[in-house]
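Scroll down for the structure; my scribbles are underneath it.
The values are calculated or read from the model by the stated rules, or taken from the named source; none is laboratory data. Not measured: the values here are computed from a predicted model. Quick reminder, even Gly has a Cβ in these numbers, built from the backbone with ideal geometry, and neighbours come from all protein chains shown.
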Amino acid sequence: MSEDRRDIDEAGLHAYVDGLLDEDRQAAIESVLADDADAAETVRAYREQNRRLTTLFSGIADEPIPERLSVDRIVRSGVWWRRVRSMAAAALWLAIGLGSGWGANDLLRQSSTSAFEIAGQAVNAHRVYSVEARHPVEVVAAEEEHLV
């Protein structure tokens, strides 16, 4: 009995009131309701609420569902919209990548020093400084002739 009570929650009581339970589960809830006044009062309140809602919306509940609210139509339109958004995002990223690559290419072409010029400058610096026994940073200004 205590195991049955532990398994009963608000969703179980709603399912009981709406008649959505199998016979075993329904019998278990009915045995708990016989001993638990609070649960029985909750079930009574749920039934009263269902009765009032049915009375209040009985005319509307019998109307056919408009086509614009059809589940199939909503699902179809949602899938289409997700596909369009995915394709738009892919196109945007492609455009950003192409634009960045094009801009970087233009910047590299406009640079004033090429790799060959940099290598030539490095060779010249090596020629000047490798033959010097004393490093030019160690030569004082008074030894200008030595630098020349």
In region 22-35, anything within 19 Å of GLU48 (Cα to Cα) and either modelled with pLDDT under 90 or crowded, with 16+ Cβ neighbours inside 10 Å (or both) is listed as ILE29, LEU33
Scan region 53-95 for residues that are under 19 Å from GLY19 (Cα atoms) and surrounded by 10 or more Cβ atoms within 10 Å (Cβ to Cβ) and report the count. 2
Counting only residues that are in a helix (DSSP H, G or I) and surrounded by 12 or more Cβ atoms within 10 Å (Cβ to Cβ), how many does region 8-17 have? 6
Only one of (1) in a helix (DSSP H, G or I); (2) at pLDDT 85 or above is not met by PRO64, so which one is it? (1)
Checking LEU20 against (1) part of a helix (DSSP H, G or I); (2) in contact with a helix residue (DSSP H, G or I) (Cβ under 9 Å, 6 or more places away or on another chain), only one condition comes out false. Which one? (1)
